[in-house]
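Everything on this sheet refers to the single structure shown next.
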C-alpha cells in the first residue's frame, strides 16, 4: 500500500531511536482518519500517521504573536485543501531530490527537532531559566508547527505558493540550512539552553 498511491512508506528509516515510536509510518493510502485515535488525549497523536499530522498542522497551525489570520485563518478546517497542498509539496520534493519525499520529510523532522529548551523556575521570589530536555512527542509536534508556520510566513503576501513554500521549508531542514524556520528556532533554543545550564 502506497501513500497517496505514489510513495512507499515501509522502507523509510528513522535514524534517531528516541523518535521511532513517535513517527508512525504504517502503510496507509489516504492519510485522513478523522481523529479516530484522539479520544481527547494528546498522547494518542503518536498513533496518527506522520503525514496526517502535517496535514492537521496545516489546518490549524495556531497563533504566532497576534497574527492568527496570517498563519491559519485561510484554511482552518479545510481538509481536502491541505491534503492537496501536502501532495503537491511532496511532488516538488521528489522532483528536486529524486528521492522518496516521505524519507526526506522524516529526515528533516529529525534534523529540526530540538533536544533541549529553556523553562522558567521561580525560587525564593527570584526567577531564573533552566535547561531541560524535550520529550520526543513534543519534539515532533513542535517541529511540525515550526515548519508550517515558517512556510505560511514565507508564502503570505508573496508570489510563492504554500506548497512550494512548505517544500522549501522541508528541504532546508533536510539540508540543515539556517534559512529553515525550524532549524533556526532549534539552534536558538539549544543556544539558550546551553547558556542557562
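Among the conditions (1) touching a helix residue (DSSP H, G or I) at 6+ places or on another chain (Cβ under 6 Å); (2) farther than 15 Å from residue 89 by Cβ; (3) at pLDDT below 90, the only one that residue 150 does not satisfy is (2). With the condition kept exactly as written, say whether any residue in region 66-77 is crowded, with 20+ Cβ neighbours inside 10 Å, within 21 Å of residue 158 (Cβ to Cβ), in contact with a helix residue (DSSP H, G or I) (Cβ under 9 Å, 6 or more places away or on another chain) and at pLDDT 80 or above. No, that holds for no residue. Within region 23-46, being exposed (fewer than 15 other Cβ atoms within 10 Å of the Cβ) and either assigned to a helix (DSSP H, G or I) or at pLDDT 80 or above (or both) holds for 26, 27, 29, 30, 42, 43, 44.
The values are calculated or read from the model by the stated rules, or taken from the named source; none is laboratory data. As the structure is a prediction and not an experimental result, all values here were calculated from the model. Reconstructed Cβ throughout: ideal geometry from the backbone, glycine too, with neighbour counts over all protein chains shown.
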